[in-house]
Amino acid sequence: MADRAQYEELLRQFSAFGAVKRELGRSLPEGCSPASATVLALLSRYGDIRMGRLAELLSVDMSVISRQAAHMAAQGWIDRSPDPADRRSRILRLTAAGWAQLDELSDRTTRLLADRLSGWTDDEVGALIRLMARLRTSFGGACEPAGLAARSAHLPAAVRPCLPQHHTDQGS
């Protein structure tokens, strides 16, 4: 087991990782927030989804999803339609513009990571992926709701964790 000093250093590294996330966020296209990118990625993986289910997956209040869905619908990335089983609820569906936005997100994040990790060996990148996946698992799989691992198992390991995925990953 690691000693206290190692855990303290790990906490410092987690804090510093915020800079990595901010740079990834700055690489997003105009008008696309990290929250929008996350919703787009989940819609690409799950397909049509009820807003309530999306709120559950993201562990956020329904009002947060409502605002996010309104923004994304205004951008033309999603359609919101009544749920046939419950007219008070809405089903979210990616549009062609949403799929195009996902393509753009994937291209941008892949280019940024490739640039920043260009001095790393394939083995080092693979080790980072394995260790980050193991860390997520140790925390109960945060960032990958139940079922996503199985649905994305055919994807390259480097693109599975929480990054927007190209629509062909779902067989579209």
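Quick notes on this one:
- Taking first residues from segment 91-119 that are over 23 Å from Leu54 (Cβ atoms) and partners that are modelled with pLDDT of 95 or more and not hydroxyl-bearing (Ser, Thr, Tyr), the Cβ contacts under 7 Å between residues at least 6 apart in sequence or on separate chains come to Leu117/Val125.
- Hey, Glu56 at pLDDT below 95, surrounded by fewer than 17 Cβ atoms within 10 Å (Cβ to Cβ) and not in a helix (DSSP H, G or I) or not: no
- Qualifying positions in segment 1-30 - closer than 15 Å to Gln75 by Cβ and open to solvent by 40 Å² or more (accessible area, probe 1.4 Å): Glu30
- Subset of segment 23-53 (residues that are free of Cβ contacts under 8 Å to residues at least 60 places away in the same chain, among the aliphatic types (A, V, I, L, M) and not in a helix (DSSP H, G or I)): Ile49
- Here segment 68-124 is the region considered, the condition is being among the aromatic types (Phe, Trp, Tyr) and closer than 21 Å to Pro29 by Cβ, and the residue that is surrounded by the fewest Cβ atoms within 10 Å (Cβ to Cβ) is Trp99.
The values are calculated or read from the model by the stated rules, or taken from the named source; none is laboratory data. Here the structure is a predicted model, which means the values were calculated and not measured. With ideal geometry, Cβ positions are generated from the backbone for all residues, glycine too; neighbour counts draw on all protein chains shown. Remember, those area values only see protein heavy atoms, side chains included, never the ligands or the DNA or RNA. Shrake-Rupley method; radii C 1.70, N 1.55, O 1.52, S 1.80 Å.
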